[in-house]
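Remarks on the structure that follows.
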Amino acid sequence: VELLVEAYNLLKKKRKDIVLRLVGSNMPLNLDKGSHIIVETNKYYSEIPKIYSEAYLCVIPHIKNPYMDAALPIKLFDAMASARPVVATDCYETNKLVNHEKCGIIAKSNDAQILAESIDYLIQNPTIAQELGQSGRQSVEERHSWSHRAQTIKDNMSS
């Protein structure tokens, strides 16, 4: 989260009209909220679709490490299901899925400037952002829904 806040503060110097909305129960207590940063820690999962519908894009700023390289965060699939483009840091499995499904872009380093530039790219290119969001939505409908995941597990258990 600190990386995202740092990237946002860099981007805010160029784009005065943007707002960062952080939603989750595990926000750092010492978070420097700065201007136009909304932190919401009291949301239920049932409220998440509305939150995504109000977002322009979703950022997944995980710091690269062996655990995050192997993880596929639920928020990635939530963003895809909501037809929101994703900007993610370069963690292996997330990178692989985002690139394969063409649902977002990967910031190639855990550097706030690179993350800010990646976010800004999608802000500057709304047509591309919309195409990436729609591609993510389509891939969830065709390959990455909970039903598809359950069937994959079932198929793997019977082989």
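Cα axis of helix 2-12 to longest principal axis of the chain: angle in degrees, 0 to 90, nearest 10?
Helix 2-12 sits at roughly 60 degrees to that axis.
Roughly speaking, what is the stretch gain from TYR121 to ASN156, that is 0.36 nm per residue apart minus the C-alpha to C-alpha distance, in nm to one decimal?
Between TYR121 and ASN156, full extension yields an extra 8.7 nm.
Simple spin-label model, 7 Å along Cα-to-Cβ: HIS100 to LYS16 in nm?
So the two model labels end up 4.5 nm from each other.
Roll a 1.4 Å probe over the protein chains and send me the accessible area per residue for the chain in Å².
Per residue, the chain has 60 Å² of solvent-accessible surface.
Under 12 Å from the Cβ of SER139, count the other residues' Cβ atoms, weight Lys and Arg +1, Asp and Glu -1, and hand me the total.
0
Give the shape of the range 7-92 as rounded, prolate or oblate, defined through the alpha-carbon gyration tensor: a ≥ b ≥ c are the square roots of its eigenvalues, a/c under 1.5 means rounded, and otherwise the shape is prolate if a/b is larger than b/c and oblate if not.
It is rounded, given that a/c, with a ≥ b ≥ c, falls under 1.5.
Report relative contact order for the range 87-155 in percent, whole number only (criteria: Cα-Cα under 8 Å, sequence separation at least 6).
Once normalised by length, the contact order is 28 percent.
Accessible area of the chain with a 1.4 Å probe: how many percent of it is carbon plus sulfur?
Numbers: 5170 of 9460 Å².
Carbon and sulfur together cover 55 percent of it.
Number of Lys-Lys pairs in the chain under 17 Å by Cα, sequence gap 8 or more or different chains?
Count of close lysine pairs: 11.
Can you match Cα extents along the principal axes in Å to one of these, (i) 112, 30, 21; (ii) 54, 34, 32; (iii) 40, 38, 34, based on a calculation from the structure here?
Label (ii) holds the value from this structure.
Any idea what the relative contact order of the chain is, in percent, if you count C-alpha pairs under 8 Å spaced at least 6 apart?
Relative contact order for the chain comes out at 21 percent.
So for the chain, taking the charge dipole from beta-carbon charges (+1 Lys/Arg, -1 Asp/Glu), which of CYS103, LEU76, ILE123 sits furthest toward the positive end?
ILE123
Quick one: angle between helix 126-139 and the longest Cα principal axis of the chain, in degrees between 0 and 90, rounded to 10, please.
Once rounded, the angle reads 30 degrees.
The values are calculated or read from the model by the stated rules, or taken from the named source; none is laboratory data. Every value quoted in this text rests on a predicted model; they were computed, and no experiment measured them. Here Cβ is always computed from backbone atoms with ideal geometry, including for glycine, and neighbour counts include all displayed protein chains. SASA here: full protein model, heavy atoms, side chains in, ligands and nucleic acids out. Shrake-Rupley method; radii C 1.70, N 1.55, O 1.52, S 1.80 Å.
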